[in-house]
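Notes to accompany the following structure.
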Amino acid sequence: RFARDTVEKLKSIEQGGASCFNQVGGLEIATTETRLADLSRKLGYASSWGIEGRLLDPAECKALYPLLNEDMVLGGLHVPGDGLALAARSVQLLIVRTSAAGVAYRGPTPVLDIEQANGRVAGVRTPDGIFPADIVVCCAGFWGPKVGAMVGMAVPLLPLAHQYVKTTPVEELKGRNELPNGAGLPILRFQ
């Protein structure tokens, strides 16, 4: 639900006709029977949360992602609603929007605690003192769970390391990854 709400929010933030979410879809492939069975389980789990997805055969995977070696792939899980968050762009646009509405931002300032009174937020304690506030927005990224804990709220984020590969230009991808949103093929996952 948190991920789905985030996608909807990012799609609603746009400037010049370009949103902050590039909905290219996702394709997780399987090269073993065990992994293929796991993708079926994942599809069932996603479906239970209302996330659209479909299991694909090797030819369908290849049609969706032409650079795949079809002979190695047994199948895949395609989630068309998946995509890439354009995080920096969304934050910049939200700062402009919320600043115009009167929100004040303080740069790198540690949050030591969130003051409460009568079951409500009353302020934010920092090394520079307490800043009164009746609304606090957590912009702590993967430190969000730590900030949420200050008010007894679970923030469902888990920092993970992701593999990242950068290559020289790939001729077969020419024209597919143009800006402003970049990627044109689904996010490929091979676990």
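The values are calculated or read from the model by the stated rules, or taken from the named source; none is laboratory data. Everything numeric in this text was worked out from a predicted model, so none of it was measured. For neighbour counting, all protein chains shown are included, and Cβ atoms are generated from backbone atoms with ideal geometry for every residue, glycine included. To get the accessible areas, we keep the full protein, side chains included, count just its heavy atoms, and leave off ligands, DNA and RNA. Shrake-Rupley method; radii C 1.70, N 1.55, O 1.52, S 1.80 Å.
Output the residues belonging to the range 165-187 that are modelled with pLDDT under 75 and either of a type outside the set (Asp, Glu) or at positive phi (or both).
Let us first name the residues in the range 165-187 that are modelled with pLDDT under 75, namely 176-182.
The answer is Arg176, Asn177, Leu179, Pro180, Asn181, Gly182.
Can you tell me how many residues within the range 132-148 are in a helix (DSSP H, G or I) and open to solvent by 70 Å² or more (accessible area, probe 1.4 Å)? If you could, list the steps in order and put the result at the bottom.
To start, the set of residues in the range 132-148 that are in a helix (DSSP H, G or I) comprises 141-148.
Then drop every residue that is not open to solvent by 70 Å² or more (accessible area, probe 1.4 Å), which leaves 142-143, 146.
Summing the residues that are in a helix (DSSP H, G or I) and open to solvent by 70 Å² or more (accessible area, probe 1.4 Å) in the range 132-148 gives 3.
Would you confirm whether or not the range 106-124 contains a residue that is under 27 Å from the mean Cα position of the chain (by Cα), over 23 Å from Pro156 (Cα atoms), of a type in the set (A, V, I, L, M, F, W, C) and surrounded by fewer than 10 Cβ atoms within 10 Å (Cβ to Cβ)? No, because not a single residue in the range 106-124 is under 27 Å from the mean Cα position of the chain (by Cα), over 23 Å from Pro156 (Cα atoms), of a type in the set (A, V, I, L, M, F, W, C) and surrounded by fewer than 10 Cβ atoms within 10 Å (Cβ to Cβ). With a requirement of 2 or more residues that are under 16 Å from Pro186 (Cα atoms), open to solvent by 50 Å² or more (accessible area, probe 1.4 Å) and among the aliphatic types (A, V, I, L, M), the helices (runs of 4 or more DSSP H) lying completely within the range 1-83 that satisfy it span 58-64.
So that you can scan it fast, the table gives a plain yes or no per residue for (1) touching a Gly at 6+ places or on another chain (Cβ under 7 Å); (2) aliphatic (A, V, I, L, M):
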{"position": "Ala101", "(1), (2)": "no, yes"}
{"position": "Pro108", "(1), (2)": "no, no"}
{"position": "Gly123", "(1), (2)": "no, no"}
{"position": "Gly141", "(1), (2)": "no, no"}
{"position": "Gly144", "(1), (2)": "no, no"}
{"position": "Met150", "(1), (2)": "no, yes"}
{"position": "Tyr164", "(1), (2)": "no, no"}
{"position": "Arg176", "(1), (2)": "yes, no"}
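Can you spot a residue in the range 90-101 that is surrounded by 13 or more Cβ atoms within 10 Å (Cβ to Cβ), of a type outside the set (Gly, Ala, Ser), in contact (Cβ under 8 Å) with a residue 12 or more places away in the chain and not in a helix (DSSP H, G or I)? Within the range 90-101 (the criterion being surrounded by 13 or more Cβ atoms within 10 Å (Cβ to Cβ), of a type outside the set (Gly, Ala, Ser), in contact (Cβ under 8 Å) with a residue 12 or more places away in the chain and not in a helix (DSSP H, G or I)), the answer is no, since none of the residues qualifies.
Just wondering, is there one or more residues in the range 150-167 that are assigned to a helix (DSSP H, G or I) and either touching a Ser or Thr at 6+ places or on another chain (Cβ under 7 Å) or among the hydrophobic types (A, V, I, L, M, F, W, C) (or both)? No, that holds for no residue.
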